[in-house]
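What follows draws every value from the coordinates through simple rules; no lab data is involved. Note that the coordinates shown come from a computational prediction; the quantities given were computed from them, not determined experimentally. Neighbour counts run over all protein chains shown; Cβ positions are idealised from the backbone, glycine included.
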Amino acid sequence: MIEFHYETDFRISGEKYFADWISRVMKSEGSMAIQLDYIFCNDDFLLDINTKYLGHDTYTDIISFDYSEGKQLAGDIFISVDRVEDNAKRFATGFDQELLRVMAHGILHLMGYNDKTLEEVILMRSKEEEKIKMFHVEQ
């Protein structure tokens, strides 16, 4: 099950399309969702989580808590809409494109992809782009 929660005024339109896309992303990697919760929030909300649970006193665009068992994915994916907006400006891309990137990034982490080394970052970016393109396939 894929659910969307909001700790801010922001709302994604067409939750059904996003849930379908996320399901296809997982299926393309041989995974499926048990329970995925995307929580959209602001910078302060995510900073509090980052400080409290990870010991990092920095802003971030996404934090994923992974409860998966193998290819059966479960987790909480917190996304700061403020960071997504700032990143879209910084990287000269649209908000919607950056939102898809961050949403894909979170699910890729749950599927075992990391971004600590240069090689991992390159693979993660490649996978993000591949998965973003899937959003437009069936709409």
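Structural remarks
- Semi-axis lengths (Å, descending) of the ellipsoid that matches the C-alpha gyration tensor of the range 31-85: 23, 12, 7
- Residue exposure proxy: Lys27, Lys116, Lys127, ordered by other Cβ atoms within 10 angstrom of their Cβ from fewest to most, comes out as Lys116, Lys27, Lys127.
- Considering only alpha-carbon pairs that sit under 8 angstrom and 6 or more positions apart, the relative contact order computed for the chain is 23 percent.
- By the count of neighbouring beta-carbon atoms within 10 Å, fewest first, Val25, Val81, Val121 end up ordered Val121, Val25, Val81.
- Relative contact order (percent, whole number), the range 31-111, Cα cutoff 8 Å, 6+ residue spacing: 33
- DSSP bridge pairs, the range 20-139: antiparallel proportion in percent, nearest 5: 40
- All C-alpha to C-alpha distances of the range 55-106, sorted into 10 Å bins beginning at zero, yield P(r) values of 24, 45, 25, 6 percent in whole numbers.
- Per residue, the convex hull volume that the Cα atoms of the range 2-135 enclose (Å³): 110
- Among Lys52, Lys71, the ranking by other beta carbons within 10 Å of each residue's beta carbon, starting with the fewest, stands as Lys52, Lys71.
- GluC sites (Glu not before Pro) within the range 27-129, DSSP loop, no more than 15 other Cβ atoms inside 10 Å: none
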